[in-house]
Amino acid sequence: MARHEVREVEHRQTRDSLRDSPALPEIEDLVIIYNRVPKTASTSFTNIAYDLCGKNRFHVLHINTTKNNPVMSLQDQMRFVRNVTSWREMKPGFYHGHVAYLDFTKFGIKGKPVYINIVRDPIERLVSYYYFLRFGDDYRPGLRRRKQGDKKTFDECVSSGGSDCTPEKLWLQIPFFCGHYSECWNVGSKWALEQAKYNLVNEYLLVGVTEELEDFIMMLEAALPRFFRGATELYRTGKKSHLRKTSEKKPPTKESISKLQQSNIWKMENEFYEFALEQFQFVRAHSVREKDGELYLLAQNFFYEKIYPKVN
């Protein structure tokens, strides 16, 4: 996919052209932002969007930040907000990238995007990332990774106090949901944890969990069929949805897990994960039922009555 410089978009979208253009229909003026957390099945999920975008007629754009830095400069925040909201040619649009949550209301924007995300058990996520840096995955097996050649197992790293498996490395899902405030990135911040929880329930349409990805996809298809019509069947039968798996991954021992779980950082990241899981299961319980081992969505369960004044 060709890259587009932000300036190019800004030059094309002049104020006059926006003022003279008719408003897009509401269903076409929709933007989804998936600020994906690394190693949470994000590539598997994003592949579904790429497979569906042609058939369902929406655009998919990867937000590629320099050195995968999840925090944007203030000027880049302004540019990004302006682009996302005014780039008519890219609507409906599905934006994805490893970026921290960004509050669009701070920039005087009326039409906010729809945020979605996926979280994972924090230790499982760290273990997956640890081996990914050393052995890569089956998505791009020939690509040389940053720690390639390091044969040390995760357990050996923990027992020797290595820098790639310290509790501080667990601190990622909280700041991704907390956002662009300095306190979000202070490891172990209670304020960051509470802000991440607040954003999850108030700013995200749906946050799934890696372990129950199919349910997450099914619920998105029901809530946002303009984008995700056919996603559940594609996930169940398609090849790309299951493409990315970290290579050479060895499950950690109970001793390694116990050592990480003694830290306050793990306790906070796990509290956030459990909070997200509980919220997801609550939403699912009111959306999905299981019958004979099969999941199905509940039909519409509200209607209107006593409508006045009556129409002849």
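The values are calculated or read from the model by the stated rules, or taken from the named source; none is laboratory data. Keep in mind that what you see is a predicted model, and the values were worked out from it rather than measured. Note: ideal-geometry Cβ built from the backbone for every residue, glycine included; neighbour counts use all protein chains shown. Just so you know, the surface numbers come from the protein's heavy atoms only, side chains and all, with ligands and any DNA or RNA stripped out. Shrake-Rupley method; radii C 1.70, N 1.55, O 1.52, S 1.80 Å.
Computed values, structure above
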item	result
Single residue of the stretch 284-312 satisfying the filter (of a type in the set (A, V, I, L, M) and over 29 Å from the mean Cα position of the chain (by Cα)) that is farthest from GLY208 (Cα to Cα)	VAL311
In the stretch 153-191, residue nearest to the chain's Cα centre (by Cα) [restricted to those that are of a type outside the set (A, V, I, L, M, F, W, C) and within 15 Å of GLU124 (Cα to Cα)]	GLN173
Scan of the stretch 82-114 for residues that are surrounded by fewer than 21 Cβ atoms within 10 Å (Cβ to Cβ), touching an Asp or Glu at 6+ places or on another chain (Cβ under 9 Å) and either among the basic types (Lys, Arg) or closer than 18 Å to GLY179 by Cα (or both), ordered by number	ARG82, ARG88, LYS91, ASP103, LYS112
Every residue from the stretch 115-151 that is open to solvent by less than 30 Å² (accessible area, probe 1.4 Å) and at pLDDT 95 or above	TYR115, ILE116, ASN117, ILE118, VAL119, PRO122, ILE123, ARG125, LEU126, VAL127
Given (1) without any contact (Cβ under 8 Å) to a residue 12 or more places away in the chain; (2) in contact with a helix residue (DSSP H, G or I) (Cβ under 7 Å, 6 or more places away or on another chain); (3) of a type outside the set (A, V, I, L, M, F, W, C), number of the condition TYR273 does not satisfy	(1)
Breaking point among (1) of a type outside the set (Val, Ile, Thr); (2) open to solvent by 30 Å² or more (accessible area, probe 1.4 Å); (3) at pLDDT below 90; (4) more than 24 Å from LEU170 (Cβ to Cβ), for LYS67	(4)
Residue list for the stretch 58-71, filter: more than 17 Å from ASN117 (Cβ to Cβ) and in contact (Cβ under 8 Å) with a residue 24 or more places away in the chain	PHE58, HIS59, ASN64
Given (1) open to solvent by 60 Å² or more (accessible area, probe 1.4 Å); (2) part of a loop (DSSP other than H, G, I, E, B), index of the condition PRO252 fails	(1)
Sole exception among (1) among the β-branched types (Val, Ile, Thr); (2) more than 24 Å from GLY208 (Cβ to Cβ); (3) crowded, with 17+ Cβ neighbours inside 10 Å for ILE265, by number	(2)
